[in-house]
Amino acid sequence: MATEDEGELSARYQNTLVMNTQSVLDAVSHLKIIHVAGTKGKGSTCVFAESILRCYGLRTGLFTSPHLIDVRERFRLNGLEISQEKFVDYFWCCFHKLKEKTSNEIPMPTYFCFLALLAFKIFVTEQVDVVILEVGLGGRFDATNVIQKPVVCGISSLGYDHMEILGYTLAEIAAEKAGIFKSGVPAFTVPQPDEAMHVLNEKASKLEVVEPLDSSQRLGLQGEHQYLNAGLAVALCSTFLKEIGIEEKNGLNQTTGLPEKFVSGLSNAYLIGRAMVVPDSEFPEEIVYYLDGAHSPESMDACAIWFSKQIKQNQERNQKRSEQILLFNCMSVRDPSLLIPRLRSKCIDHGVDFKKAVFVPNVSVYNKVGYSSNDDRRVDSMTWQFGLQRLWDSLAQGKAKSNLESDTKGKEDEVKSFVFSSLPLAVDWLRDNARQSKQVRFQVLVTGSLHLVGDLLRLIRK
């Protein structure tokens, strides 16, 4: 499905990357790499894998995307973000070398291609023992796919996302993701819909399907869906360790349980912006943010289940009256009619209903110097947010009509929705509510976009 004119997925930019940086890529060929693609869970899978392998004493390099607060989040060495000093040195080294070789025929790489090249440069120079490499978008034409011989490949759960680039059927999407498969390289995936699994089996030399880990295993990343990602990470690490001669596959079964280093790695994994619970910096007792960058229909399900369980657990521990609020934003390339109803209905199915919903712009107005909180923006610039609000209100009105017919709830339970012209204004509104209602704990689910999650973290940590 992906074609030549589709930006960062274009093979043209891969060729540019190769022509400009052949010496680096020659060095990359000696790296031991785990390559992971997928629609949902590929970042979590990579984080689990990195944490496990670090427990074996390996010097690890992890490349993931996107970042939420600082671009250095994309580059981890031994589990830590690369230092600012090292990042600046490597950045300008790559930039200047590329600039020297650019021409009309060979332009500078695009943003993501440059970051992928920067990751290779960092990991080669730092002499890591293993690189865990997350695909940026798709797989076949992704900038990370310049690697020729990874040790093992993995594909996490597939679903409908970036369809304008990857295709409108699961078969087309699976074909793009399977572009990372290499002849003779072991490949793993999780249970997939038949349409997708058929394509993956066709494209792989040898494909194994792994099942979720047992839920008794403690994981550093929250949510039931993480047991599936952890299962894939275990398979990738097991194969990797066997391939490099550190540990055989024995012991990695449900009968004997996982080796201690696997258990430790899984329980200590950490990924910012996924299933995070963060108290407000000014009103930690009155406002708690539940952050999850879910932005696809399937991830909305997982987010709703996680949030609902968190709310129920909190209610059992805390006698304070609570009120659930949705703070939502999704990019205009998404279809909100596939996201908002699914999130709301899944929460209701698990006994949690939102009292209020808040919608903010899908373009961040935050910067390092300050942020704009002007109310005098043109109304038409908020068209997208008002559309989200109308969708929410239509769902709420449908429920209200049902309640009136059954006469089960009164007018005081009406769900209210709000649109703010900036995220800082929305946070100010939440804090004003906290000042006025000290006996209420506001539990705010922040979801729909990783950009929104990142903006909020920056704002409340100022």
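The values are calculated or read from the model by the stated rules, or taken from the named source; none is laboratory data. In this text the structure is predicted, and so the values were computed from the model without any measurement. No Cβ is skipped: glycine too gets one built from the backbone with ideal geometry, and neighbour counts run over all protein chains shown. Heads up: the accessible areas ignore ligands, DNA and RNA and are worked out on the full protein's heavy atoms, side chains in. Shrake-Rupley method; radii C 1.70, N 1.55, O 1.52, S 1.80 Å.
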### Query
Cross-link list Lys86/Lys149; Lys320/Lys356; Lys312/Lys346; Lys42/Lys346; Lys356/Lys438: which exceed 26 angstrom alpha carbon to alpha carbon?
Lys86/Lys149
### Task
Any chance you could look up the accessible area of Arg76 with a 1.4 Å probe, heavy atoms only, rounded to 10 Å²?
30 Å²
### Task
Just subtract the alpha-carbon distance of Ser183 and Ser332 from 0.36 nm times their residue separation and send over the number in nm, one decimal.
49.8 nm
### Query
Taking a probe of 1.4 Å, how large is the accessible area per residue of segment 41-169, in Å²?
38 Å²
### Task
Can you pull the one-decimal nm distance between simple spin-label points at Asn78 and Glu260, each 7 Å off the Cα toward Cβ?
2.2 nm
### Task
Order the peptides 221-233, 106-118, 161-173 from the highest to the lowest mean number of other Cβ atoms within 10 Å of their residues.
221-233, 106-118, 161-173
### Query
For segment 422-462, what is the convex hull (Cα atoms) projected area averaged across all directions, in square nanometres?
3.1 nm²
### Query
So for the pair Ile460, Ser216, with labels modelled 7 Å out along Cα→Cβ, what separation do we get in nm?
3.5 nm
### Query
Ranked from highest to lowest mean number of other Cβ atoms within 10 Å per residue, what is the order of the peptides 278-284, 424-430?
424-430, 278-284
#### Entry: Taking only Cα atoms of segment 154-224, radius of gyration then Dmax in Å
13.6, 39
### Query
Once label points are set 7 Å from the Cα along Cα→Cβ at both Val277 and Asp26, what is their separation, rounded to one decimal in nm?
5.4 nm
### Query
Quick one: length gained pulling Phe418 to Gln319 fully straight, 0.36 nm per residue minus the C-alpha distance?
32.9 nm
### Message
How large is the accessible surface of Arg435 in square angstrom, using a 1.4 angstrom probe and rounding to the nearest 10?
### Response
120 Å²
## Note on the structure
On the formula 1/(1 + (r/R0)^6), with r taken between the Cβ atoms of Lys86 and Asn268 and R0 of 25 Å, the FRET efficiency rounded to 0.05 is 0.60
### Task
Provide the FRET efficiency to the nearest 0.05 for the Glu100-Thr125 pair, computing r from the beta carbons and using R0 = 30 Å.
0.95
### Where only alpha carbons of segment 73-130 are counted, the Rg and the Dmax (Å)
12.4, 39
